[in-house]
Amino acid sequence: MDQFYSDIINALIVALVPVAIGALGWIANSVINYLKTRMAAEHYAMVEKIAAATVAAVNQTLSSKAGEEKKQAAIALVRAECAKRGITLDEEAIGNAVEAAVYRTKISTSSI
């Protein structure tokens, strides 16, 4: 009878090893995707802070320039600061962060 139990246990182990490896792979993939999402959100929050500071600086230094010139200068400065910090975002995300900072600036100055 001991040989019978031993064979059953060995068969279960052989059958469950691929299932366990697959489960571990799925868990690892889920964790990696979560971390990537979290990192992207943290990077975008940092870009929003950089954009807010840059928009304020550009508004002070380039007050006589047109809006599109200010926007392009702000985008270039935000892109450079992001590159310095190792944050990689596409141009659309950087442009959106700058536009959001401009909008927040206009809202805060109009409520005064």
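The values are calculated or read from the model by the stated rules, or taken from the named source; none is laboratory data. Please read these numbers as outputs of a predicted model, since none were measured by experiment. Here the Cβ positions follow ideal geometry from the backbone for every residue, glycine too, while neighbour counts run over all protein chains shown.
Determine if the stretch 24-33 includes at least one residue that is assigned to a helix (DSSP H, G or I), over 22 Å from THR109 (Cα atoms) and under 14 Å from the mean Cα position of the chain (by Cα). Yes, the conditions are met somewhere in the stretch 24-33. Among the residues of the stretch 34-56 satisfying the criterion of being surrounded by 13 or more Cβ atoms within 10 Å (Cβ to Cβ) and farther than 16 Å from GLU99 by Cβ, which is modelled with the highest pLDDT? Of everything passing the filter in the stretch 34-56, MET46 is modelled with the highest pLDDT. Checking each residue in the stretch 96-112 for being at pLDDT 85 or above and over 11 Å from VAL55 (Cα atoms) picks out no residue at all. Looking only at residues in the stretch 43-92 that are polar (S, T, N, Q) and outside any loop (DSSP other than H, G, I, E, B), the one that is farthest from THR109 (Cα to Cα) is GLN72.
Residue check: is LYS70 crowded, with 17+ Cβ neighbours inside 10 Å and more than 23 Å from the chain's Cα centre (by Cα)? Criteria met by LYS70.
From the list MET46, MET39, the lone residue that is hydrophobic (A, V, I, L, M, F, W, C) and touching a residue at least 40 places away in the same chain (Cβ under 8 Å) is MET46.
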